[in-house]
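Colleague: Below is the structure I would like to discuss, written out as C-alpha cells.
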Amino acid sequence: MIKFSNVSKRYPGGQEALRNVSFAIGAGELVFLTGRSGAGKSTLFKLIPAIERPTSGSVVVNGQNVSAIKPAAVPILRRNLGLVFQDQKLLYDRSVIDNVLLPLAFSGFAPKEAARRARAALDKVGLLSREKANPIQLSGGEQQRVAIARAVANRPAILIADEPTANLDADSAAAIIAIFVSFQQVGVTVLIATHDMALIERSGGRVLRLEAGELVAGGDPQ
Amino acid sequence: MNAWFSQHVQAFKGALRKLAAQRASSLLNVLVIGIALALPAGGYVILGNLQGIAARFSLEPQLSVFLEPGARPADRDGLEKRLRNDPRMAAVRFVPRDEALAELRKTEGIAEVIAALNQNPLPDAFVIRLKDIPPDQLEALAAELGRLPGVGHVQADSAWARRLSALIGVGRLGIALLAALLAAGLVAVTFNTIRLQVLTQREEIEVARLLGATDGFIRRPFYYLGAIQGLAGGMVGLAVLAGSLALLNQGIRTLAETYGSSFHLTFLAPGDALAVALFASLLGWLGAYLSVSVYLRGMGPR
Ligand SMILES: Nc1ncnc2c1ncn2[C@@H]1O[C@H](COP(=O)(O)OP(=O)(O)OP(=O)(O)O)[C@@H](O)[C@H]1O
Ligand SMILES: [Mg+2]
C-alpha cells in the first residue's frame, strides 16, 4: 500500500530531515512510526499525501508514485487517504459535524449521504452527542477524536495519523489507539506516528523507528 | 451530475450566507457598484434618446432653395423642371413669396413688423424633401443647386441634425471611456472585498486543500459571491436609473408640452437592461476570479 524507496528529504533551510529511508507497508497492516522529537516523523507523514515532496527517492501510495505526482492529481490522492494532523487542523468557526462534513462536501457525496457518513464517523469515535458543539468546547482528547472522525468519514483504505495521542493521559491515549485498531480490524491500513513507547508496546503493531532522519528499525533489509 | 449540481447549490448557498453575515458591508458594496453603473447607463440612455430625435429629422432631409430676388419667371420654370426631374428629390413644393409672407404674418409679433415694410422682402422658394441621402452628400447637393441660374441661396435644414449626430458620436465615445473606467473600478472593488473574504477564510481554505479539495471547489463560492454582488449592484444601478429618469421626465414633460411635443426620455430596452445586469455580474465574477487567483498563487504549488 505504501512503499518508500531510498527517500531523502532536505528542507530549503539545509536541514536533512530524512536520509535514505526505505520501507513497505502492506494492505491492512497496523504500523507505528516512532522516534524522538525532530527525528523526521512528521516529514515522513507529509510525504504520503504529497504535502511535501522528497528530495530524492520515490514514495508509492496505492500503486501511484506520489513523489512525481502532477499537482492536478493531488486532490484525488488526498481524498483517498484518511489524514490526522499533528496540529489537528480543526476549524473553530463551525460545529463538530460541519468539521466532519468538510471533506465529504468536495468528495462528491449528495448532502444526505454526506450527513449519514459524518454521523456514522462521529458515532464511531463516541462523539455523536456533541455534533452541534463547537470544537473549542471539547477537551483535547475529544478534539483528537473529531479529527479522527473527519479522517475516516470518507472511509479511506489508508489512515495515517501524526501524533494523535500527544498531550493525552494514558487512558485517553489508549482509547484513541483502540479506535485505530478497530479500523485496522476491518481492513484499513493504519500508520500512526508517536513517541509514546508504552502505548506501542501495549498495542503490539510493527514499529518503524527513526533516528535523526534515518530508519534504524522496522524497515526493509537492504 | 447530481453531486456536481449539489456542489454548486452548496457553493451558492455558502455565498449567500457570507453576504448575509456581512450585511452592512455587502449592502454598501452593492450600492457603490449600482451608482457607478447608473452613471454610464444613464449617459447611454440620454444619448439614445437624443439619437432618436436626430434620426427622426435626418431621415427626411429638407432643402430650401431661395431664388434671387430678381429672378425671371423663365429661370423659375427651368429650375422647377430641373428639380422635379431630379431622381434624388422625393417632393418639390413651390412657395411663392406672397404665400411665404402670408405664412409669416400669422406668426405673433411679426405681423406689425411686416406691416411696417412697404414691400415683400421674401424671395420665391422651393421646399424640397429629399429621398434618403447620406449627410455628407447633402452638402454637395446644396452646393450643386446653389450654382443653378436664378438661385440665390440654398439651406440644408437638417444640418443641425447632422451636427447633433456628430455630437452624439463624441458623447458615445466619452461614455464608452467612462464605462470602461468604472468597469475597472468595479473589478477593483470586488477584488478587494473578495480578498478580505478570502483572508477571513484562509484557515478553511488551507484545511480544505490539505484534505483534498480541488482549487475549483475552493474558488466556486467566491465566484458566486462576486457574481451575486455584481448582479445585485447592476439591479440597483438600473433602479437608480429608472428613478432618475422618472424624475427628469416630470420636468421634461411640462417643458415639451409647451412646445406641443410629447417628448420624454425612455428607459433602456429590456435587452439592454438585461445586458447591464449581466455585465455587472460578469465584472463581479472577474474581480473574484482575479482575487482568488492571486491568493492561491501566493499559497504556492501543492
Ligand atoms: N518546513 C520545514 N522547514 C525546515 N525544516 C523543517 C521543516 N519541517 C521540519 N523541519 C526540520 O526537519 C526535522 C524533522 O522534523 P519533523 O517535524 O519531521 O520531526 P518530528 O519527528 O515530527 O518531531 P516531533 O515529534 O517534534 O513532531 C527537524 O529538524 C525540523 O527542524
Ligand atoms: Mg511531528
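The values are calculated or read from the model by the stated rules, or taken from the named source; none is laboratory data. Bear in mind the structure is a predicted one, so any value in this text is a computation, not a measurement. We place every Cβ from the backbone using ideal geometry, glycine too, and count neighbours over all the protein chains shown. Please note that ligands, DNA and RNA were not included when accessible areas were found on the heavy atoms of the full protein model with its side chains. Shrake-Rupley method; radii C 1.70, N 1.55, O 1.52, S 1.80 Å.
Colleague: Scan region A:12-53 for residues that are assigned to a loop (DSSP other than H, G, I, E, B), away from every other protein chain (no Cβ under 14 Å) and within 13 Å of ligand 1 (Cβ to nearest atom) and report the count. Lay out the reasoning, then the answer.
Modeller: Going through region A:12-53, the residues assigned to a loop (DSSP other than H, G, I, E, B) turn out to be A:12-15, A:26-29, A:35-40, A:48-53.
Filter once more, so that each one left must be away from every other protein chain (no Cβ under 14 Å): A:13-15, A:26-29, A:35-40.
Among the residues that remain, those that are also within 13 Å of ligand 1 (Cβ to nearest atom) are: A:13-15, A:35-40.
Residues in region A:12-53 being assigned to a loop (DSSP other than H, G, I, E, B), away from every other protein chain (no Cβ under 14 Å) and within 13 Å of ligand 1 (Cβ to nearest atom): 9 in total.
Colleague: Here is a list of conditions, (1) away from ligand 1 (no atom under 16 Å from the Cβ); (2) in contact with a Phe, Trp or Tyr (Cβ under 6 Å, 6 or more places away or on another chain), and A:Ala174 meets all of them except one; can you say which number that is?
Modeller: Among (1) away from ligand 1 (no atom under 16 Å from the Cβ); (2) in contact with a Phe, Trp or Tyr (Cβ under 6 Å, 6 or more places away or on another chain), the lone unmet condition for A:Ala174 is (2).
Colleague: Follow-up question, since we're still on this one. List the helices (runs of 4 or more DSSP H) that sit entirely inside region B:188-298 and contain at least 1 residues that are closer than 25 Å to B:Val30 by Cα and more than 14 Å from chain A (Cβ to nearest Cβ).
Modeller: Where helices (runs of 4 or more DSSP H) fall fully within region B:188-298 and carry at least 1 residues being closer than 25 Å to B:Val30 by Cα and more than 14 Å from chain A (Cβ to nearest Cβ), they are B:215-258, B:270-298.
Colleague: Which residue out of A:Ile160, A:Ile177, A:Ile76 is of a type outside the set (S, T, N, Q) and away from chain B (no Cβ under 13 Å)?
Modeller: Numbers: A:Ile160 fails: away from chain B (no Cβ under 13 Å); A:Ile76 fails: away from chain B (no Cβ under 13 Å).
Step by step, each of A:Ile160, A:Ile177, A:Ile76 is checked, and only A:Ile177 is of a type outside the set (S, T, N, Q) and away from chain B (no Cβ under 13 Å).
Colleague: Would you pick out the residues in region A:37-76 that are within 16 Å of ligand 2 (Cβ to nearest atom) and surrounded by fewer than 15 Cβ atoms within 10 Å (Cβ to Cβ)?
Modeller: Filtering region A:37-76 down to residues within 16 Å of ligand 2 (Cβ to nearest atom) leaves A:37-49, A:51-52.
A:Ser37, A:Gly38, listed by residue number.
Colleague: Another question about this same structure. Which of the numbered conditions does A:Arg116 fail, given that it passes all the others? Conditions: (1) within 13 Å of another protein chain (Cβ to nearest Cβ); (2) of a type outside the set (Gly, Ala, Ser); (3) over 17 Å from the mean Cα position of the chain (by Cα).
Modeller: With (1) within 13 Å of another protein chain (Cβ to nearest Cβ); (2) of a type outside the set (Gly, Ala, Ser); (3) over 17 Å from the mean Cα position of the chain (by Cα) applied to A:Arg116, the lone miss is (1).
Colleague: Follow-up. Taking the criterion of being modelled with pLDDT under 80 and in a loop (DSSP other than H, G, I, E, B), would at least one residue in region B:43-60 satisfy it?
Modeller: Yes; the residues of region B:43-60 include at least one that is modelled with pLDDT under 80 and in a loop (DSSP other than H, G, I, E, B).
Colleague: Something else now. Would you be able to tell me the number of residues in region A:140-172 that are away from ligand 2 (no atom under 16 Å from the Cβ) and over 20 Å from A:Pro103 (Cβ atoms)?
Modeller: Residues in region A:140-172 being away from ligand 2 (no atom under 16 Å from the Cβ) and over 20 Å from A:Pro103 (Cβ atoms): 6 in total.
Colleague: If you go through region A:84-96 one residue at a time, do you hit one that is out of contact with any Asp or Glu (no Cβ under 9 Å at 6 or more places or on another chain), open to solvent by 10 Å² or more (accessible area, probe 1.4 Å), within 8 Å of chain B (Cβ to nearest Cβ) and closer than 30 Å to A:Asn134 by Cα?
Modeller: No, region A:84-96 contains no residue that is out of contact with any Asp or Glu (no Cβ under 9 Å at 6 or more places or on another chain), open to solvent by 10 Å² or more (accessible area, probe 1.4 Å), within 8 Å of chain B (Cβ to nearest Cβ) and closer than 30 Å to A:Asn134 by Cα.
Colleague: Only one of (1) touching a strand residue (DSSP E or B) at 6+ places or on another chain (Cβ under 8 Å); (2) more than 15 Å from ligand 1 (Cβ to nearest atom) is not met by A:Glu201, so which one is it?
Modeller: (1)
Colleague: For region A:137-168, what are the residues that are without any contact (Cβ under 8 Å) to a residue 24 or more places away in the chain and either within 16 Å of ligand 1 (Cβ to nearest atom) or surrounded by fewer than 17 Cβ atoms within 10 Å (Cβ to Cβ) (or both)?
Modeller: Within region A:137-168, the subset without any contact (Cβ under 8 Å) to a residue 24 or more places away in the chain is A:137, A:139, A:142.
A:Gln137, A:Ser139, listed by residue number.
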